[in-house]
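Step one of this worksheet: look at the structure below.
The values are calculated or read from the model by the stated rules, or taken from the named source; none is laboratory data. The model shown is predicted, which means the values in this text are computed figures rather than measured ones. Here Cβ is always computed from backbone atoms with ideal geometry, including for glycine, and neighbour counts include all displayed protein chains. Side chains are part of the model used for accessible areas, which takes the heavy atoms of the whole protein and leaves out ligands, DNA and RNA. Shrake-Rupley method; radii C 1.70, N 1.55, O 1.52, S 1.80 Å.
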Amino acid sequence: MDFLSVREFRASSGSIWQKLSRDGKMVITNNGKPTALLLDISNEDLEETLLTLRQVRAMRLFNNMRSYAQKRGFLSEKEIKAEIQAARSASKKRNKAVPC
């Protein structure tokens with residue numbers, strides 16, 4: 001996979017698009033850190049590719065939340081019920097405050 005700095009990307013000519021077409025992906029870096037990913041896609045693949053990327057991002061976020069919860073410790077059933085009750089009470093208070 002090719003890595004290209006933001007500076008190189010800005011200064012690049014048409015050769016970058018040939019490399020992208022050949023390799024299918026390229027990482028853009030900023031101060032040596034990955035910042036963006038360029039993917040070679042066709043018009044027909046755009047929506048499917050975007051959907052797939054959103055699903056992958058959602059799975060990563062979910063896994064991060066799961067790991068955080070595991071490190072922090074899971075809530076007991078009693079704590080879960082208390083959280084639900086608190087959320088329902090807050091929702092009722094908000095609904096009463098809204099004029100019809």
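So here's what we get for this one:
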| item | result |
| --- | --- |
| Number of the condition not met by residue 48 [criteria: (1) open to solvent by 100 Å² or more (accessible area, probe 1.4 Å); (2) in contact (Cβ under 8 Å) with a residue 24 or more places away in the chain; (3) of a type outside the set (A, V, I, L, M)] | (2) |
| Check on residue 1, open to solvent by 100 Å² or more (accessible area, probe 1.4 Å) and out of contact with any Lys or Arg (no Cβ under 9 Å at 6 or more places or on another chain) | no |
| Residue selected from the range 24-34 under the condition open to solvent by less than 90 Å² (accessible area, probe 1.4 Å) and in contact with a strand residue (DSSP E or B) (Cβ under 6 Å, 6 or more places away or on another chain), by the criterion farthest from residue 3 (Cα to Cα) | 25 |
| Breaking point among (1) out of contact with any Ser or Thr (no Cβ under 9 Å at 6 or more places or on another chain); (2) open to solvent by less than 70 Å² (accessible area, probe 1.4 Å), for residue 96 | (2) |
| Subset of the range 1-41 [assigned to a strand (DSSP E or B), farther than 20 Å from residue 57 by Cα and not aromatic (Phe, Trp, Tyr)] | 2, 4, 5, 30 |
